[in-house]
Amino acid sequence: MNKTAASVGIPPHGHEAARKGYATGLVLATLGAIAFSGKAIIVKLAYRYGVDAITLIMLRMLFALPLFALMAWWAGRGKPALTTRDWLGILGLGFSGYYLASFLDFAGLAYISASFERLILYLNPTLVLFFGWLLYRRRPTRPQVFGMVVSYAGVLLVFGHELWTGGGGKGGGAAAWGAFLVFLSAVSYAGYLVYSGEFVKRLGSLRLVGLATTVACVLCILQFVLTRPMSAAMAVAPEVIWLSVLNATLCTAVPVLMVMMAIERIGPAIAAQTGMIGPLSTILMGVVILGEPFTAWIAAGTVLVIAGIFVFTRKGR
């Protein structure tokens, strides 16, 4: 007979507990991806009330600031004090990964659909690979190159459709400008991912995210103070305030924690694969909530982007 679980030191219910932990991780990763994707929907809804990008992102970060500050404090309990080098790194990463990337994304969403925005941001792994090749001479594999070509073909397909249809009534030039801003947002966040590796090892992912996002919150608030009168914050519609609270909690702080907890249970690779539901959920919410059209062009582009990133991430491991 085979050895029993007890004879080899495995608890009787160890496998069942592992399965439950894995299932919990998948659920957390899925919900986190969906919650993240809801950010674009909320931003598009808020724009209907005449608010501008600087005010909108300030409100989001204002409500998110206490949550991220608490996260940074919690993760830093009992840990060594930060050095000057740590603080400089956190400032740079907070600027690139959460302030600049968020602002460019919010600005771009004023010109393009939520579904198109999500497809552009989903190219992020390919940009990380490009930076890795540029800075560290890490050559991509042939499957990775193939995945990149397929993904960018999907984005270009949707981009061509947006230009052809006039960017949802805003004009082809506006659609091109919006796509450019969102792509720069993806580039900015990819830079954060490339340079954050060393700091994640030293500080831990949760502490780094908490500190970097706290820096970004302060920068967004400071940007508003320097460019807008304080009365502008009080002049927004009440709906914008509630949408910003929802964005700061359900679509910002909560999914960060969900994804972190998911990675602990199922690992970063599977969590990333599960995150592929993000573009699909954005498109679905865009159709149902925003009334955005769902065309064959968008469907084809989405399939190409997701298929390309799937090949890219699997063959890149």
> How large, in percent, is the carbon and sulfur part of the accessible surface of the chain at a probe radius of 1.4 Å?
Replying inline: 72
> Which of the aspartates and glutamates could a cross-linker span from LYS39 if the Cα-Cα distance has to be under 14 Å and same-chain partners fewer than 8 positions apart are dropped?
Replying inline: ASP105, GLU117
>> Between PHE63, PHE106, PHE146, where does the largest GNM mean-square fluctuation fall for the chain, given springs only between Cα atoms within less than 10 Å?
In response: PHE146
>> If the elastic network links every pair of Cα atoms under 10 Å, which of ALA248, ALA179, ALA237 fluctuates the most in the Gaussian network model of the chain?
In response: ALA237
> Do any trypsin sites (Lys or Arg not before Pro) in segment 57-102 lie in a loop, going by DSSP, with at most 10 other beta-carbon atoms within 10 Å of their beta carbon, and if so which?
Replying inline: ARG77
> How much net charge surrounds LEU203 when only other residues with a Cβ under 12 Å from its Cβ are counted (Lys, Arg +1; Asp, Glu -1)?
Replying inline: +3
> Residue-wise, which Karplus ³J(HN,Hα) couplings in Hz belong to segment 25-36, taking 6.51 cos²θ - 1.76 cosθ + 1.60, θ = phi - 60°, and x for glycine or proline?
Replying inline: x, 5, 5, 4, 5, 5, 5, x, 5, 5, 5, 4
> Stretched out fully, how many nm does the piece from MET234 to ARG85 gain, at 0.36 nm a residue minus the Cα gap?
Replying inline: 49.8 nm
> Which aspartates and glutamates does LYS20 reach when only Cα atoms under 20 Å apart count, and residues fewer than 8 places away in its own chain are ignored?
Replying inline: GLU264
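The values are calculated or read from the model by the stated rules, or taken from the named source; none is laboratory data. Just so it is clear, the model here is predicted, and its values are computed rather than measured. We place every Cβ from the backbone using ideal geometry, glycine too, and count neighbours over all the protein chains shown. With ligands, DNA and RNA removed, areas are computed over all heavy atoms of the protein, side chains included. Shrake-Rupley method; radii C 1.70, N 1.55, O 1.52, S 1.80 Å.
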